[in-house]
Amino acid sequence: MVSLSDGNLGVNVTNLVGTWVHAVAVWDRAGIGGSADTMRLYVNGNLVGSSAGTAWGTTFGAQAEIGGMPDFGSYRKLYMDDLKLYSSATVAPSCPAPILNLSQSIGLGSLRVANVCGTPYAAAFSTFTLDTANAFGGLGSGWFGGLHISFFDVFAQWSMQAPPFFDTLNASGASSFDFPAGTFTAATGLTIYGVTAVLHPLSGALIGFSYPLAYTFP
């Protein structure tokens, strides 16, 4: 992401710190898809910024800098997965997989379960566990979308057929369910692990999994 403080194209993502974000930067000096836009920035499948600027150089170095600007001594700490580079400018990039976000954005002891950037109108099944096999690098190697969880827990949560475990994504491929403040009164320091499976709305066939996620209650 590009800093907003220098006047360049960017977006404030402080509310997404600690969660997976699908980000796409599109650049075409001649105009993206025949438009006046030369730069576009997408976050979780949504266009969040654009520019018609062309005041950059036409010569480039031998390497790309992602996640920092070494020439200016600027670096960022981040995780990155499924990095892709294209030689053409796509007009409306889509997310390769759904994203599960957990946050305590609505008060102490709350929990917001949000699925973003999935397939519109698909069924989303989110499952959660306290299994410590997901800790210390274990997350991502489990049998259910990378999550270590017992079959019985998956079955029990699937059987609920109601939020936050089971939901239908909207036209933007998103859904959210809130446990209100005070729901988790003794959860401070507790880490839960989750993943979302997205299913075809008609056939029920598996479309894909989100990245498995760890969330520790503050």
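No other residue among F179, F209, F184 is more than 16 Å from the chain's Cα centre (by Cα) and at pLDDT 90 or above apart from F179.
Take the stretch 161-218 and flag every residue that is part of a loop (DSSP other than H, G, I, E, B) and surrounded by 18 or more Cβ atoms within 10 Å (Cβ to Cβ).
P164, F165, L169, G173, A174, S210, Y211, P212
Considering the stretch 113-125 alone, what residues qualify as being crowded, with 17+ Cβ neighbours inside 10 Å and out of contact with any Phe, Trp or Tyr (no Cβ under 6 Å at 6 or more places or on another chain)?
A114, N115, V116, C117, G118, T119, A122, A123, A124, listed by residue number.
Entry remark, the stretch 143-157: residues being modelled with pLDDT of 95 or more and out of contact with any Gly (no Cβ under 8 Å at 6 or more places or on another chain) number 10 in total.
The values are calculated or read from the model by the stated rules, or taken from the named source; none is laboratory data. Values in this document were obtained by computation on a predicted structure and should not be read as measured data. Glycine also receives a Cβ, built like all others from the backbone with ideal geometry; neighbour counts cover every protein chain displayed.
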